[in-house]
Structures are given as C-alpha cells and as structure tokens.
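Okay, structure first, notes after.
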Amino acid sequence: MICIWGEIITFYDDGSVLPSIDELESYFGDNHEIMYLREKREVFYEDGKKEDVDIYVYKKDIKNEPHIYIATGDWRVFLLNR
C-alpha cells in the first residue's frame, strides 16, 4: 500500500468553489488533454477517522518524466529537510 501524506481543506461550496479548484488543477472533465483526474479516495486522519474526499491524481505515467521521489510520501517533511 502506498502512503501519501497531505492536507484536507474543508470549505462551504456554493457551487463555485470546486470549478475554481478544477481550473487551478487544469481539470476540465475526463478527456485525454487533462493532466489530472479528480477521484474520490478514502483518506485516513491521524486520529483514525476515515472519509471519502475528492483528490486530484496525475494521470500520466511518471516513469518517463522528470520527477522527485519522496520516500516518506510527505511533501512538507521533504521541503523542510532540503
């Protein structure tokens, strides 16, 4: 199982917030030109609580692209230790 650390942002959505985030993440529906897919995934909080949330998943295979491997899965720790 792959473990990825992240942050959950909760907000009141009047119908305008999610489309704005989609635009920020270059998500324009399920077509071949987009970089990310928006999917519901089960996440686990530090207190053990679980919840399904929307996440953005990079859609291309990164093996042939420049990338940074983060062994811990925690971007924040990676940045602090650079």
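Is at least one residue of segment 1-18 in contact with a strand residue (DSSP E or B) (Cβ under 7 Å, 6 or more places away or on another chain) and open to solvent by less than 100 Å² (accessible area, probe 1.4 Å)? Yes: one or more hits. Checking each residue in segment 58-73 for being surrounded by 10 or more Cβ atoms within 10 Å (Cβ to Cβ) and of a type in the set (A, V, I, L, M, F, W, C) picks out 62, 70. Where residues in segment 31-59 are of a type in the set (A, V, I, L, M, F, W, C) and assigned to a loop (DSSP other than H, G, I, E, B), which of them is modelled with the lowest pLDDT? Here the answer is 34.
Residue 26 meets the conditions (1) surrounded by 11 or more Cβ atoms within 10 Å (Cβ to Cβ); (2) assigned to a loop (DSSP other than H, G, I, E, B); (3) more than 12 Å from the chain's Cα centre (by Cα); (4) at negative phi in every case but one. The failed one is (4).
The values are calculated or read from the model by the stated rules, or taken from the named source; none is laboratory data. Quick caveat, the model's predicted, so the values are computed rather than measured. Cβ coordinates were reconstructed from backbone atoms using ideal geometry, including for glycine residues, and neighbour counts include every protein chain displayed. SASA here: full protein model, heavy atoms, side chains in, ligands and nucleic acids out. Shrake-Rupley method; radii C 1.70, N 1.55, O 1.52, S 1.80 Å.
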